[in-house]
Amino acid sequence: LGAYAFARLIMGRVAALGVALMLIGAPEVAFWGRQVMLDVPAYALGLLGMYGLGVWLRNDRPAALYFGAAALLAAVYTKYNVAFLLVPAASAVLLARGWRVLLNRHLLIAATVAVLAAIPAAFMMVRFGAANVGSFAGRPGDLARDSLAAWLFYAEQMPGQLGYGVVIAAAAGVLLAVMRRLQVAADRWLWAMLITWFVTGYVFFSLISVREPRHDLMALFPVLLLAALAVLTLAGRGRGGQMLVLALGIGTYIYSLFWYVPAAITGYRQVAATVAATAPHDGIVMFSGYRDGNFVFDMREHAERQDLTVLRADKMLLKIAVERIRGVEQAGLDDDAILALLKRSGVSMVIAQADFWQDLPQMARFAHVLQGSAFRLVRSFPLTGAVVINDGRDSSGQGRVDIFVPTYTVEPPKGSIALDLPIVGQRVTGRIGGR
């Protein structure tokens, strides 16, 4: 909806629909739109915010300005990196209205309210944003910020992100623009907004040392518009040209639907169903494996077992900030101490993926405890599938998940639990179990 509405500022309905399909059908967007992630919702809110601003600049409707400011604020609250859109927004406003716009009553009201409403977001960034700072600084092995490879990274990702058809059409649009043949009925401020949108976004995300293809998706919307405008220039802005833009959008969508299928790992749902069916009432379940998110999500589907509590072994035995590559601190417990921790926590069932981080002594000792006389294996499940991570293949979807139960009598959990959250630089405490 956001893509369609914004595209309608410069093209007809059919072509705008094609742009919307290019966006939601873009391979990278289609992939992350099917994940429990915030990138696509933030993208949608950002687009709606820029659309509202565009309507205000064109038609001087105060309601559109307030809508756009609210949508951009919501986008920032959803994912901080949307804040780069403030640069193209400001450039468009200044070019369209000049410096006197700073005295506009509605702009002052919208800006003041937005700044005040953003204070909690700023506080949360300062209080809990240690991981964001770490992402900017980079990890061992990340491309050096001053290298050519670092600045070409997102350019090289573009065909995989948007599809080759869209990128080829956009390249034609660049060529037409250089030749001054690109035909578009758009205001100068709108061109300034789109150019600044792409340039600011590309520089912003390239400066962040942790680079992933999903990060710069919000900077690429002008590329989709350029692709559509190139088609309209070459084929005409009439119905025929608009239908070609629509065909490009449909083709991109179909490509992602059938030839860019998200990788899947099977097995966790069956494990969760078994746990839901066999775990004791008010049971404490411990998980140890790569895809803890899969297991927790599947357990949440069993609304009838809200009495269960899920603990993660790595959270209790290790201290990790986001990912292993940033460093791991181990608890240093021996076998007896690990067993005592499990008993004290009232663990009645352990779901463990075979060979999970066995190179870490702490996790190797945990596996040794499970293989000892204090636990017995009740069932095993195969995992199939694999997840493609950037230029490599993550094998965490291969192997086996085992379910263990204690051979001793499980007592209710005693005392409180303390978990370190290095990602936000916090330590949380609370009781285990219960609702």
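The values are calculated or read from the model by the stated rules, or taken from the named source; none is laboratory data. All figures in this text were calculated on a predicted structure; none of them were measured in a lab. No Cβ is skipped: glycine too gets one built from the backbone with ideal geometry, and neighbour counts run over all protein chains shown. Note: accessible area is taken over every heavy atom of the protein model, side chains too, but ligands, DNA and RNA are not part of it. Shrake-Rupley method; radii C 1.70, N 1.55, O 1.52, S 1.80 Å.
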Decide, for segment 10-157, between rounded, prolate and oblate: order the square roots of the alpha carbon gyration tensor eigenvalues as a ≥ b ≥ c, take rounded if a/c falls under 1.5, and otherwise choose prolate if a/b is larger than b/c, else oblate. oblate
Accessible surface, the chain, averaged per residue in Å² (probe 1.4 Å): 50
For Phe287, which sequence-distant residues (separation of 5 or more, or a different chain) have an amide H within less than 5 Å of its own amide H, given hydrogens modelled in the peptide plane? Leu311, Arg312, Ala313, Ile351
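What full-extension length gain, to one decimal in nm, is calculated for Ala337 and Leu108 as 0.36 nm per residue of separation minus the Cα-Cα distance?
76.3 nm
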Taking Cα centroids, how far is segment 285-358 from segment 213-234 in Å? 43
Skipping prolines and chain starts, which residues have an amide H placed within reach, meaning under 5 Å, of the one on Leu360, given they are 5 or more residues away or on another chain? none
Pick out, from Asn59, Gly160, Ala230, the residue whose Cα sits farthest towards the positive end of the charge dipole of the chain, with +1 on the Cβ of Lys and Arg and -1 on the Cβ of Asp and Glu. Asn59
Select from Ile24, Ser209, Val87 the residue farthest towards the positive end of the dipole of the chain; place +1 on Cβ of Lys and Arg, -1 on Cβ of Asp and Glu, and compute about the Cα centre. Val87
Just to confirm a number: summing +1 for Lys and Arg and -1 for Asp and Glu over residues other than Ala230 whose beta-carbon lies under 15 angstrom from that of Ala230, what do you get? +3
With springs connecting C-alpha atoms under 10 Å apart, model the chain as a Gaussian network and identify which of Lys414, Lys319, Lys79 has the largest mean-square fluctuation. Lys414
With Cα atoms, 0 to 90° folded angle of helix 335-344 axis to the chain main axis: 80
From the backbone phi of segment 416-421, what are the Karplus-calculated ³J(HN,Hα) couplings (6.51 cos²θ - 1.76 cosθ + 1.60, θ = phi - 60°) in whole Hz, Gly and Pro given as x? 10, 10, 10, 10, 8, 10
Net +/- balance of residues flanking Arg365 in space, Cβ distance below 9 Å, scoring K and R +1, D and E -1: -2
What whole number of Å gives the distance from the Cα centroid of segment 186-210 to the Cα centroid of segment 1-36? 18
Which of [x] 35, 27, 20; [y] 56, 27, 20; [z] 49, 25, 20 is the computed semi-axes √(5λ) of the Cα gyration tensor in Å? It is [z]
Karplus couplings for segment 245-258 from phi (6.51 cos²θ - 1.76 cosθ + 1.60, θ = phi - 60°), rounded to Hz, Gly and Pro as x? 4, 4, 5, 5, x, 5, x, 5, 5, 5, 4, 5, 5, 10
With the full set of protein chains in place, find how many percent of the accessible area of the chain is carbon and sulfur; take the probe as 1.4 Å. 62
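Based on the Cβ-Cβ distance of Ile119 and Glu156, what FRET efficiency does E = 1/(1 + (r/R0)^6) give at R0 = 35 Å, to the nearest 0.05? Walk me through the numbers on the way to the answer.
On the way: r = 39 Å, r/R0 = 1.11.
Given R0 = 35 Å and the Cβ-Cβ separation, E is 0.35.
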Using Cα springs under 10 Å in a Gaussian network model of the chain, which residue among Ala228, Ala144, Ala64 shows the largest mean-square fluctuation? Ala144
How big is the dipole moment of segment 158-289 about its Cα centre under a simple scheme where the beta carbon of each Lys and Arg is +1, that of each Asp and Glu is -1, and everything else is neutral? Debye, nearest 20, please. 540
Using θ = phi - 60° and the Karplus form 6.51 cos²θ - 1.76 cosθ + 1.60, what ³J(HN,Hα) does each residue of segment 58-68 get, whole Hz, x for Gly and Pro? 7, 10, 6, 9, x, 4, 5, 5, 5, 4, x
Amide H to amide H, which residues 5 or more places from Leu182 or on other chains are under 5 Å from it, using H placed in the peptide plane? Ala177
Among all the lysines, which ones have a C-alpha under 19 Å from Lys414's C-alpha, if same-chain residues fewer than 8 places away are not counted? Lys315, Lys343
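Taking the Cβ of Gly346 as the center, what net charge do the other residues with Cβ under 12 Å away carry, scoring Lys and Arg +1 and Asp and Glu -1?
Value of the local net charge: +2.
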